[in-house]
1. Could you tally the net charge around Thr84, taking each other residue with its Cβ under 14 Å from the Cβ of Thr84, Lys/Arg +1 and Asp/Glu -1?
2. Under the Karplus relation 6.51 cos²θ - 1.76 cosθ + 1.60, θ = phi - 60°, what is the ordered set of whole-Hz ³J(HN,Hα) values for the stretch 77-84, x standing for Gly and Pro?
3. So, by mean Cβ neighbours within 10 angstrom, what's the order for 72-79, 47-54 with the highest one leading?
4. Using 0.36 nm times the number of residues separating Glu109 and Ser67, minus their current alpha carbon distance, what extension gain do you get?
Amino acid sequence: MAILFFLSTTTSCSTAFSQSEQDNSAAKKEPAPSVLSQALAVAAQGQDYRLLITATRGINVPGLEKSDIKSAIALCGKKYMAKTGDVINTEQDRIDREKVIAYMRQYNEKMWLLCQGKK
């Protein structure tokens, strides 16, 4: 009886931790497709083809090659994204920034194609 209790407790905790770990891992790597799709649809509807850039000392456009950045900004425009500054005070700041950068990367890859096709 004690063994069954131990196994069920261990399994449920392990499953909960594993699920939580998978959720966190997935959240870091990819934003929810519906959020990204909705943002792209709203931007395209408003003909806002600006690319998302980091709010740092240098210009960084996640999702684009460095060689494309100047021409992409000249063609599409740019807008700064919140939570992408140089200062990271806590581990949570780092995690939040990684999520935002992942979102920006996917957004910019798709927006760059939309922007090029608008002409």
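1. With Lys, Arg at +1 and Asp, Glu at -1, the net is +4.
2. Once θ is set to phi - 60°, the couplings for the stretch 77-84 become x, 9, 9, 6, 9, 5, 6, 10 Hz.
3. 47-54, 72-79
4. Taking Glu109 through Ser67 to full extension adds about 13.7 nm, to one decimal.
Every number here is computed from the coordinates shown, using simple stated rules; none is lab data. Bear in mind that the values here come from a model prediction, so they are computed numbers and not experimental data. All Cβ positions, glycine included, derive from the backbone under ideal geometry; neighbour counts span all protein chains shown.
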